[in-house]
Amino acid sequence: MTDLQRRFVSDLAAGPRGMVSGPFLPLVHAPELGRRIEKMGRHLRFESKLPKDIIELAILMTAHEWSCHYEWHFHARLAVQAGMAATAIEAIRHGRQPDGLTPEQALVYRYCQDVYAKKEVGDANFQSVKDRFGTEGALELLALCGYYSTLAMILNTARLMPAEGPAF
């Protein structure tokens, strides 16, 4: 490895992820890009003011949209730990409208649906999320969708998925 690659790997292992895995494995080959991508992800996943269940819901919506088995497998268990209902997670996995979402989760589900179905968020959905989470929260949700879309493209292209993962 080059010095930059070693530094990237060392920084990942010392950070909140504690290891080099998933999309960061191929990014070792592009360590400057990986460093910048990881910095954005660190903010969105570990430093955001959004509740953990909301973050995980947006990630699952993205994993489903991109049919990213690795992302789904990794974050489905985190979504349960964050308080999402297992039945809602399973419905999202199958592309169905989930039951059992909290009012906040339902709001974010509709928001993310707009992102992927319309490639924008309708005024009413944007305003509802903005009213609940502020402008910063509404923008962070968009950034979560974009960030995890980038990771899904890397994962799907690098073919890094668990041996046993959910099928879409």
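Laid out as a table, the results:
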{"quantity": "For segment 50-158, size of Cβ-based charge dipole, Lys and Arg +1, Asp and Glu -1, in debye", "calculated": "180 debye"}
{"quantity": "Nearest-ten-degree value, helix 123-158 long axis tilted from longest Cα axis of the chain", "calculated": "40 degrees"}
{"quantity": "Degrees, to the nearest 10: 3-14 long Cα axis against longest axis of the chain", "calculated": "50 degrees"}
{"quantity": "Highest-MSF residue in the chain out of A76, A14, A85 [GNM, Cα springs under 10 Å]", "calculated": "A14"}
{"quantity": "Nearest-ten-degree value, helix 103-118 long axis tilted from longest Cα axis of the chain", "calculated": "70 degrees"}
{"quantity": "Positive-pole candidate from A58, A85, G122, dipole of the chain, charges at beta carbon", "calculated": "A58"}
{"quantity": "Principal axes of the chain: Cα extent on each, largest first, Å", "calculated": "49, 35, 28"}
{"quantity": "Residue among A58, A117, A152 with the largest mean-square fluctuation in a Gaussian network model of the chain, springs linking Cα atoms under 10 Å", "calculated": "A117"}
{"quantity": "Candidates L44, L33, L155: whichever shows maximal mean-square fluctuation once the chain is modelled as a Gaussian network with Cα springs under 10 Å", "calculated": "L33"}
{"quantity": "Peptides 61-74, 93-106 ordered by average Cβ neighbours within 10 Å, highest first", "calculated": "61-74, 93-106"}
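Every read-out reported here was derived from the displayed coordinates using simple, explicitly stated rules and does not represent laboratory data. Keep in mind that this is a model prediction, so the values were computed, not measured. Virtual Cβ from ideal backbone geometry, glycine too; neighbours counted across all protein chains shown.
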